[in-house]
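Step one of this worksheet: look at the structure below.
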Amino acid sequence: MKTNLLIVFMLVAACSLSAQTRLGLKTGIALGSVTTNDDEIKEDGSNLASFQFGGVFDTKLSSSLSLQTQVLFLGKGTAVAHDDHKDQFRFAAIDIPLQVLYRGKSGLFIGGGPNLGFNLSAKHIHEGEKEEIAIGDAAGQVKGFDFGVTGSAGYQSKSGLVLSVSYVKGITNLQNAPNFEWQNNVVGLNIGYLLPTRAKK
């Protein structure tokens, strides 16, 4: 997984060298949920809120289209309600969404593409006690690579302020167990800022 992360970061860095690339920052709230065949989680599971933040690389393709790559650190997972407490399944992850965005003259935009997710850690919190879940391919562990698709929409002002909502639908089954499905999903409510385009030399 470390090798895959390094390769992706090198590709992102190469894209950011373009004179037509705007750099930026974003932050916001990540509302995690899961798609699973676990009956208890399906019945009593709820969104798990955390923060997300990271960098944005927006490369102009035409007057209305751009290729936008983000590198985000965020939390994922779900909460499961019981009679007197909630269990939590928390993932710390890096997401790299690769989107083609269409922008209208009003500043509104919409787009989507693949999402490359990398799980850094996972834990089960039960009545205040934290149990680490190992990342790997063995039984009882959860997978490190988390592929999905993402879409976003929002508004970008002429000054570079960005307000957006995003959704990531996990495709990878993260469980290494037969007949057990678990995909992480995230709704993002975000604010960001894109720096002006660098002048050509």
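So here's what we get for this one:
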| quantity | calculated |
| --- | --- |
| Nearest-20 debye value, the stretch 2-194 charge dipole, Cβ charges on Lys, Arg, Asp, Glu | 1480 |
| Crossing angle, helix 2-16 versus the chain [Cα axis fit, 0-90 degrees, rounded to tens] | 20 |
| Centre separation in Å (Cα based) which lies between the stretch 118-158 and the stretch 164-186 | 9 |
| Environment charge of E127, counting only residues whose C-beta is closer than 13 Å and scoring Lys/Arg +1, Asp/Glu -1 | -3 |
| The chain - convex hull of alpha carbons, volume per residue in Å³ | 120 |
| Entries of K76/K105; K42/K169; K26/K130; K123/K169 with Cα pairs more than 27 Å apart | K76/K105; K26/K130 |
| K158, K123 arranged by Cβ crowding within 10 Å, fewest neighbours leading | K158, K123 |
| Order of H126, H85 under a 10 Å beta carbon neighbour criterion, fewest first | H85, H126 |
| Cβ-based charge dipole, the chain, positive-most Cα from Q20, S46, V142 | Q20 |
| Helix-only [θ]222 nm of the chain, DSSP H runs n ≥ 4, -39500 (n - 2.57) each, per residue, nearest 500 | -3000 deg cm²/dmol |
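Every number here is computed from the coordinates shown, using simple stated rules; none is lab data. Since the model is a prediction, treat every value here as computed from it, not as a measurement. FYI the Cβ positions are ideal-geometry reconstructions off the backbone, even for glycines, and counts take in every protein chain you see.
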